[in-house]
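The values are calculated or read from the model by the stated rules, or taken from the named source; none is laboratory data. Note that this is a predicted model, so its numbers are computed, not measured. Here the Cβ is made from the backbone with ideal geometry for all residues, glycine too, and neighbour counts use every protein chain on show. All accessible areas refer to the heavy atoms of the entire protein, side chains included, with ligands and DNA or RNA removed. Shrake-Rupley method; radii C 1.70, N 1.55, O 1.52, S 1.80 Å.
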Amino acid sequence: MLSRSSFGRQAQRALQRQCRAQPANRRGLAAPASGSFNYDTGDASGIKYASRDMSGPTTTLALVSKAGTRYQYLPGLTEGLEKYAYRGTERRSALRIVREAELLGAELQTTHSRESLIVGAKFLRDDLPYFVELLAEVATKTKYLPHVYHEEVMPLIALAHKKFLASTKEMALSSVHGLAFHRGLGTPLYPSSSTPYTKYLDADTIEEFASAAYAKGNFAIVANGAEHSDLSKWVGEFFTDVPSSGGQSLQSPQTKYYGGEERIAHGSGNTMVLAFPGSSSYTGGFYKPEIAVLAALLGGESSIKWSSGFSLLSKAASKNPGVSVKTKSAIYSDAGLLYVIIHGSAKQVAGTAQEVVKTIKSIAGGEISKEDIMKARALAKFKELEHGQTIMGSLELTGAGLVQGGKPYQLDETAKAIDGVTEDQVKKTAKSLLDYRASVSSVGDLFQLPFAEELGLKV
Amino acid sequence: MSQPSLSGFIIRRPWLRRWLQPMANWYADASGYRKLGLKADDLIPEESETVLLALKRLPPKEAYDRVFRMRRAFQLSLSHQLLPKHEQMKPEEDTPYLTPLIQEIEAELKEREDLEAMVVKKKPAKPAA
């Protein structure tokens, strides 16, 4: 057995040696490493692309199109177009696409958000040309056949609809966006009724939407882990017959904030969302870094294990164990939404909602320590940088930035902006939030869930 | 569910086609389905998965017309009558509307079987640069 004193001395010596071994100019972990963080951008005869060469054997490639639910001119178009991706093209069938991707060890994925439609693939680095060609085929040569719509696409849309109806969280979020922004950004993210596929959608309407979504200037190619010169070569080679403009233009007017209250009865689960006007993206003209700090300050989710966390809302929620609270600043190109989502049993959701409003009012009243704001600022900066570093997050941000503003997302600058937020700004923003009409949506047991009026919010 | 046929072989050889076409025309007419107002594709047996799927893929108008022709033929057959001459199916209207769909589905199935039977070989390793 080692005696305690001798072990201690050894440990101390080892520690000293370790410290000496480090060069004096070693970069601390907290300093931002921005060299490979940003994307290189380019333009191949009107098609924007961006890449970032992260060392590693795999590549993630995505086509980010400005065809999110915000820009669809009939309900369900985005969903329909998403489900049509990788179906059959003029050159190969859906089955062949899937089998070939499987043989190359790749993964195909499609998603959409309120502003973008993302058609992507993850694969081994050497297969870049194959997948650039595949994306070009999806964009320009997909066959929008009626039987594919009836046999494959429509059942998937119907499933998305059912999934949406089963989730109180999704319903509440969709409802709160509708209250806050009405049309445009307020369009539900997933089909909220069966009208899209019973009334509006068929293969022809989706094809027309596709011709706009995959027209020059409406989409960008973003790669993570590919050499920029390679990507530019292959994009130039394969994306040659992209139409310069589609049938209908994808437009959405400048978003305006409205606010209001909506209550939806639901049998399984209880969710309340309290939302306030937030911050647009950095390039959007309504950028407010204070909102990100305020979101981190309210928090709700724990960033460490086995603890409910130390943010204001997690402390408030600890009185109602089992309830989950989360604050998020949803950022869109020209507007944003700061929302608190509360999910749990009806009674606890009602109790927590009271606490949340109390907390926001206390911040607005200035009853908040400087230390808490400092902590929130660090967390907000970390979350921002971390989100930009994850591959899928950064792909979407970069693609959307290229398509909407012509610039990739400026991660370093947003991080810097968050660093510059002062205590007063946060308090002032919290106060100004309460001046607006809030958007409050309750889904679940309406007998227990409170009205916004009862919470003391203005709607 | 397309039947084995020599038509491809014959069509590729114009001299043979010239020789056989009148005989084919006579045969199609003599088989009598046109006198009941049917098209050749209406006679394809429905009892197979492929044809059922092809029928589902028919555009609504085509599907409606097909049912109409069949019901009319059924009535005629029950009452032991033929259509008046001007209502009978004309040879130029007797076009294949279902066969292309069936062929497409058969091609899909064949592709699937080919892919199932595929032997995967590993790419040779790149020579070290």
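Quick notes on this structure:
- Hey, A:Tyr200 of a type outside the set (S, T, N, Q) and open to solvent by 30 Å² or more (accessible area, probe 1.4 Å) or not: yes
- Residues that are without any contact (Cβ under 8 Å) to a residue 40 or more places away in the chain, assigned to a loop (DSSP other than H, G, I, E, B) and either in contact with a helix residue (DSSP H, G or I) (Cβ under 9 Å, 6 or more places away or on another chain) or not polar (S, T, N, Q) (or both), drawn from the range B:1-30: B:Pro4, B:Leu6, B:Arg12, B:Arg13
- Subset of the range A:90-130 (residues that are more than 23 Å from A:Met54 (Cα to Cα), within 14 Å of another protein chain (Cβ to nearest Cβ) and either of a type in the set (Ser, Thr, Tyr) or part of a helix (DSSP H, G or I) (or both)): A:Ser93, A:Ala94, A:Leu95, A:Arg96, A:Ile97, A:Val98, A:Arg99, A:Glu100, A:Glu102, A:Leu103
- The set of residues from the range B:74-99 being free of Cβ contacts under 8 Å to residues at least 40 places away in the same chain and surrounded by 10 or more Cβ atoms within 10 Å (Cβ to Cβ) comprises B:Phe74, B:Gln75, B:Gln81.
- Some residue of the range A:229-236 being of a type in the set (Val, Ile, Thr) and either closer than 30 Å to A:Ile360 by Cβ or outside the structural domain of A:Tyr49 (by the TED database) (or both): no
- When the range A:85-114 is filtered for residues that are touching a Ser or Thr at 6+ places or on another chain (Cβ under 6 Å) and touching a residue at least 60 places away in the same chain (Cβ under 8 Å), the ones remaining, listed by number, are A:His112, A:Arg114.
- Number of positions in the range B:114-127 that are open to solvent by 60 Å² or more (accessible area, probe 1.4 Å), within 11 Å of chain A (Cβ to nearest Cβ) and modelled with pLDDT of 90 or more: 2
- Condition check for A:Ala364: in contact (Cβ under 8 Å) with a residue 24 or more places away in the chain, small (Gly, Ala, Ser) and within 19 Å of A:Ser318 (Cβ to Cβ): no
- Candidates in the range A:115-126 are the residues that are in contact (Cβ under 8 Å) with a residue 24 or more places away in the chain and over 30 Å from A:Ser252 (Cα atoms); of these, the one that is least open to solvent (accessible area, probe 1.4 Å) is A:Phe123.
- Qualifying residues in the range A:133-171 (those that are of a type in the set (D, E, K, R) and either within 14 Å of chain B (Cβ to nearest Cβ) or closer than 18 Å to B:Lys56 by Cβ (or both)) - the one surrounded by the fewest Cβ atoms within 10 Å (Cβ to Cβ): A:Glu151
Residues checked against (1) open to solvent by 30 Å² or more (accessible area, probe 1.4 Å); (2) farther than 30 Å from A:Gly42 by Cα; (3) modelled with pLDDT of 90 or more:
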| position | (1), (2), (3) |
| --- | --- |
| A:Lys319 | yes, yes, no |
| A:Asp334 | no, no, no |
| A:Leu337 | no, yes, yes |
| A:Gln354 | yes, yes, yes |
| A:Glu371 | yes, yes, no |
| A:Gln389 | yes, no, no |
| A:Gly393 | no, no, no |
| A:Leu402 | no, no, no |
| A:Leu411 | no, no, no |
